[in-house]
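Each remark here refers to the structure printed beneath this line.
The values are calculated or read from the model by the stated rules, or taken from the named source; none is laboratory data. As the structure is a prediction and not an experimental result, all values here were calculated from the model. Cβ atoms come from the backbone with ideal geometry, glycine included; neighbour counts cover every protein chain shown.
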Amino acid sequence: MLLWLEFIACTSLIVYSGTRLSKYGDIIVEKTGLGRTWVGVVLMSSVTSLPELVPGVSSVTYAGVPDIAVGDVLGSCVFNMLILAVLDAVHRPAPISTKAHHGHILSAGFGMFLLSIVAVSLFLENRILPLGWIGVYSLLFVVIYFIAMRLVYFYERRQIVAFVKEIAVELKYEGISTKTAISNYSINAIVVIIAAIFLPRIGEGIAEATGLG
């Protein structure tokens, strides 16, 4: 029971801070003009993915449970698709895909490409010689990620005229400064990181106590 309470406490902190991150991320968009697609793909996704990054790192170093690390990351990808289904259901009066910008096609395409590399690497196991202890596919992930972010950024820059018109209509945070938005965003990001650090050990305890794996 204590393990489940700890799990609920950590995830509750992540959920609460995650909602704050979305608000202050939107404020940063309005103040800087970076574009919602780019901020969502780079700034928001990197911070909200820290619950996978931090437990993933500590799972393979501190806890020594790589299956939890890989399952956490890949499971999150699957669960994110479920999130899209939920968002689509609550977004009225039209499907969410009718309002999302076409720039997301780039990130979706690169995401599918990266996941296919993961699947191939898991299937081949140790048949591809690593560079020291690092898999060759890991280097591909880094290169492809930065290429993807660069392409999304330049796409957003080309859409800047439409974005400026959108912001001109939707100024919602005139009373909040850029500094305040960045500070609050950073605080909530730190909360997410701290809560995520404790998840691997809790997850390992729950796996052992329930026999779920």
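For this structure, a couple of remarks:
- In region 181-213, the qualifying residues are those that are touching a Phe, Trp or Tyr at 6+ places or on another chain (Cβ under 6 Å) and closer than 30 Å to ILE28 by Cα, and the one that is modelled with the highest pLDDT is ASN184.
- Residue in region 152-171 that is in a helix (DSSP H, G or I), hydroxyl-bearing (Ser, Thr, Tyr), modelled with pLDDT of 80 or more and surrounded by 14 or more Cβ atoms within 10 Å (Cβ to Cβ) present: no
- Residue list for region 113-139, filter: loosely packed, with under 10 Cβ neighbours inside 10 Å and not in a strand (DSSP E or B): PHE123, GLU125, ASN126, ARG127, LEU129, GLY132, TRP133
- Candidates ILE105, ILE128, ILE144, ILE134 - the one that is at pLDDT 90 or above and not aromatic (Phe, Trp, Tyr): ILE144
- Restricting VAL65, VAL78, VAL90 to residues that are surrounded by 11 or more Cβ atoms within 10 Å (Cβ to Cβ) and of a type in the set (Val, Ile, Thr) narrows the list to VAL65.
- Taken as a whole, region 116-128 holds no residue that is of a type in the set (Asp, Glu) and at negative phi.
- The one condition from (1) small (Gly, Ala, Ser); (2) more than 30 Å from ARG201 (Cβ to Cβ); (3) in contact with a helix residue (DSSP H, G or I) (Cβ under 9 Å, 6 or more places away or on another chain) that SER76 does not meet is (2).
- Test: residue in region 73-82 that is under 30 Å from TYR137 (Cβ atoms) and at pLDDT below 80: no
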